[in-house]
Ligand code: HMG
Ligand code: MG
């Protein structure tokens, strides 16, 4: 009998160029963003959210996403996506040659107002309009729900609320919904409670985890989500990121930490840790900040684990 266990494949959506850079005090040039994305592709990442077609008044860091998309080199099997809040954003994304977009809603009214200047129902209506038009143009559409494990303004969020919004985004045409712990306040227990509610409304293959790491629980939350069948996670190189409208929240789970976890569990992410380290070494000095990833720091110190 062959006792070798087949490697399980886990999809990583690298959100560093978008979520990672949208909150940086100094905007990063299109040139540097292109160079970062090239290094992320070289590391083996195949799904990269590269920018956002949002208002430059609201998020100036994402200005130039159109130029960026136009200049991105084609690589077989690499999918570039961009965040789009409304039809105006979709129009700009299409004109720039974008083939995959992400729409977003929040689980609480307060966050929705601050992030998108409208209530949840209005933002769902916008997301539905974007999804319909995007699909008509042959684009893939991803959905996000924010504040699924806590809201900076309203506190705890009932899992059923996120499950309902997830079902509505899938019905609108999203192929996958990423569950955003925007605040980074979740724990493995609250993550499991949320996922059990969502799994009653959607299959595991349509769900992704998007964990910010404010309380240092993101990796533990991902382990809990893996145990419940999720196979797709968002992460950002060097643990960059944060939403300008979620005060106090820190970056996403670091891609280095996620890949180290998956490698250690015998799962296949297709991503090379040494090459990720090279990508982090490129962007760190441009932002003037140290790598927030524990694994990234160990790699930089060449800490060997035999
Ligand atoms: P608004 O002010 O209500 O929109 O903003 P408006 O229609 O009244 O337009 C106001 C101005 O914005 C106008 O310009 C429009 O032309 C312009 P003006 O006439 O004043 O010069 N405008 C646009 N410009 C460029 N692209 C567009 C666009 N739409 C309008 N698409 C809006 C509404 C949604 C646009 C605004 O609130 C916005 O851009 N919000 C985005 C905020 C954002 O990007 N947040 C961070 C991303 S979400 C996130 O990080 C969470 C996530 O990571 C998951 C998680 O962690 O939970 C995904
Ligand atoms: Mg985020």
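List of remarks:
- Qualifying residue in the stretch 190-205 (condition: over 18 Å from residue 143 (Cα atoms), within 16 Å of ligand 1 (Cβ to nearest atom) and touching a helix residue (DSSP H, G or I) at 6+ places or on another chain (Cβ under 8 Å)): yes
- For the stretch 125-143, the count of residues that are within 14 Å of ligand 1 (Cβ to nearest atom) and without any contact (Cβ under 8 Å) to a residue 40 or more places away in the chain is nonzero.
- Total residues in the stretch 214-229, condition touching a strand residue (DSSP E or B) at 6+ places or on another chain (Cβ under 7 Å) and within 14 Å of ligand 1 (Cβ to nearest atom): 2
- Only residues that are in contact with a strand residue (DSSP E or B) (Cβ under 8 Å, 6 or more places away or on another chain) and over 25 Å from residue 290 (Cβ atoms) were counted across the stretch 230-269, and they come to 5.
- Answer from 45, 40, 72 - the residue that is over 16 Å from the mean Cα position of the chain (by Cα) and under 21 Å from residue 278 (Cα atoms): 72
A quick yes/no check of all residues on (1) away from ligand 2 (no atom under 16 Å from the Cβ); (2) within 20 Å of residue 47 (Cα to Cα):
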position: 73; (1), (2): yes, yes
position: 79; (1), (2): yes, yes
position: 100; (1), (2): yes, yes
position: 116; (1), (2): no, no
position: 120; (1), (2): yes, no
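- Restricting the stretch 242-292 to residues that are modelled with pLDDT of 95 or more, under 16 Å from the mean Cα position of the chain (by Cα) and within 16 Å of ligand 2 (Cβ to nearest atom) leaves a set whose member that is surrounded by the most Cβ atoms within 10 Å (Cβ to Cβ) is 255.
- Meets criteria (in contact with a strand residue (DSSP E or B) (Cβ under 9 Å, 6 or more places away or on another chain), in a loop (DSSP other than H, G, I, E, B) and within 8 Å of ligand 1 (Cβ to nearest atom)) for residue 85: yes
- Within the stretch 241-278, the residues that satisfy the criterion of being closer than 19 Å to residue 43 by Cα and within 16 Å of ligand 1 (Cβ to nearest atom) are 252, 253, 254, 255, 258.
- Set 101, 105, 41, 50: member being closer than 26 Å to residue 235 by Cβ, touching a strand residue (DSSP E or B) at 6+ places or on another chain (Cβ under 8 Å) and part of a helix (DSSP H, G or I): 41
- Residue 142, sole failed condition from (1) crowded, with 18+ Cβ neighbours inside 10 Å; (2) in a helix (DSSP H, G or I): (2)
- Residue match in the stretch 225-240 (condition: on the phi > 0 side of the Ramachandran plot and crowded, with 24+ Cβ neighbours inside 10 Å): yes
The values are calculated or read from the model by the stated rules, or taken from the named source; none is laboratory data. Please read all numbers here as calculations on a predicted model, not as lab measurements. Using ideal geometry, Cβ is built from the backbone for each residue, glycine included, and neighbour counts are taken over all protein chains shown.
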